[in-house]
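Peer 1: Just passing along the structure, written as structure tokens.
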Amino acid sequence: MNTAAEIRTRAEALGFDAVGFARAELGPETGARLQEFLDAGHHGEMGWLEARADQRADPHKLWPEVRSVIALGMSYAPEGDALATVGLPDRGNISVYARNRDYHDVIKGRLKHLAQFIVSRAQTEVKVFVDTAPVMEKPLAQSAGLGWQGKHTNLVSRTHGSWLFLGEIFTTLELPPDPPHADRCGSCTRCMAACPTAAIPTPYRLEATRCISYLTIEHAGPIPEELRAPMGNRIYGCDDCLAVCPWNRFAQAGREAKLAARADLEAPALAALSRLDDAGFRALFAGSPVKRIGRNRFLRNVAIAIGNSTDPTLLPEVRRLADEPDPVLAEAAHWAVQRLSPVDAALERPIGGPKIGEETSPCPHCGPVSATC
């Protein structure tokens, strides 16, 4: 029995577009790069990256018995231009990967099926991982020959471009490793030039705290003001550095229907999104990765997109959001009001205070204190 060949065939039948095998080891340079990233504070609020850094750098510290890693990729390449909706003034742009089902759920289910198949064919133990465990997926995928880490730090495939979701099966089997993939970025720096917030200052180095994906998804507080205008209408994630990669010209649209974009999430109207209450938010994004950031953080992003829209007809939407009890959301909406109508913003209540002209305390001369008192 050729176990590796059977695994590859079964994985492809389950919908995986890329399969490779690697030894369960990473070179010391991988851990060193991770530590440099952490020491520089580029991980921001993602404390989970630091908490188990030793396990990330060495698969054997995560599971001492592991011998081989089966690296798997599933394409989510879009049908058309991933950036087609960027810049539409009254619309929000949601990252391609989040326009339908949560890929964690889709891929983990397929990994479990593959793991069961492997156990049924060989005397082995297995563990499956999709992004949420302390596993350095991209270096392992490169070791297994799936692609290489590009200058934007994401995996690039000669066949699938920058559009691969990754998952891994750790196993006690000794599987013949595939040759690692060579770096084929060459002198190209399109991904670096495309980043709206200059989050890739040098090749292969990402400052996550400047990355729009980090800011709109992982970051819970107010978004730094100097980074708000470059966000444009990006309300969940960002695809710019991925979409401009020249290797994408070889990518065919992803074949997994559960990952294909829903029509209502390709270019949703900012006005409609701004009116979502918690129940409406949960209903719209049921089963989507967007749901995990919660309604208030999502509407913070929507408010900033409205502020960048230059569309004064959206003023009523952010005026209403400026009255929200969540201080981060209210502050973002107040900023948007100021962007769309500086004169109007001067008449807005300071966050937590009354509008000019509203009653505060009685005046012995003219009754309620007002702007003319």
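Peer 1: Counting only residues that are of a type outside the set (Lys, Arg) and crowded, with 17+ Cβ neighbours inside 10 Å, give me the helices (runs of 4 or more DSSP H) lying completely in the stretch 307-346 with at least 3 of them.
Peer 2: Working: elements: 315-321, 327-340, 342-346.
Output list reads 315-321, 327-340.
Peer 1: Tally the residues that are in a helix (DSSP H, G or I) and of a type outside the set (Asp, Glu), restricting the search to the stretch 7-60.
Peer 2: The number of residues fulfilling the criteria is 25.
Peer 1: In the stretch 1-32, which residue that is in contact (Cβ under 8 Å) with a residue 12 or more places away in the chain and charged (D, E, K, R) is nearest to GLN116 (Cα to Cα)?
Peer 2: Among them, the one singled out is ARG10.
Peer 1: Can you tell me which condition PRO64 does not meet? The list is (1) over 22 Å from CYS245 (Cβ atoms); (2) buried (at least 22 other Cβ atoms within 10 Å of the Cβ), and all the others hold.
Peer 2: If we test PRO64 against (1) over 22 Å from CYS245 (Cβ atoms); (2) buried (at least 22 other Cβ atoms within 10 Å of the Cβ), just (2) comes out false.
Peer 1: If I ask for residues that are touching a helix residue (DSSP H, G or I) at 6+ places or on another chain (Cβ under 8 Å) and closer than 16 Å to MET74 by Cβ, which ones from the stretch 1-17 would you list?
Peer 2: Of everything in the stretch 1-17, those that are touching a helix residue (DSSP H, G or I) at 6+ places or on another chain (Cβ under 8 Å) and closer than 16 Å to MET74 by Cβ turn out to be ILE7, ARG10, ALA11, LEU14, GLY15, PHE16.
Peer 1: Hey, which of the helices (runs of 4 or more DSSP H) in the stretch 160-248, taking only ones fully inside, have at least 2 residues that are modelled with pLDDT of 95 or more and surrounded by 22 or more Cβ atoms within 10 Å (Cβ to Cβ)?
Peer 2: Values: elements: 190-194, 228-231, 240-243.
The helices (runs of 4 or more DSSP H) meeting that bar are 240-243.
So that you can scan it fast, the table gives a plain yes or no per residue for (1) farther than 22 Å from PHE285 by Cα; (2) touching a residue at least 60 places away in the same chain (Cβ under 8 Å); (3) surrounded by fewer than 18 Cβ atoms within 10 Å (Cβ to Cβ); (4) among the acidic types (Asp, Glu):
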| position | (1), (2), (3), (4) |
| --- | --- |
| ILE94 | no, yes, no, no |
| VAL106 | no, yes, no, no |
| LYS112 | yes, no, yes, no |
| VAL119 | yes, no, yes, no |
| PHE129 | yes, no, no, no |
| ALA133 | yes, yes, yes, no |
| LYS151 | yes, no, no, no |
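The values are calculated or read from the model by the stated rules, or taken from the named source; none is laboratory data. All values derive from a computational prediction rather than experimental measurement. Backbone-built Cβ (ideal geometry, glycine too); neighbour counts: all protein chains shown.
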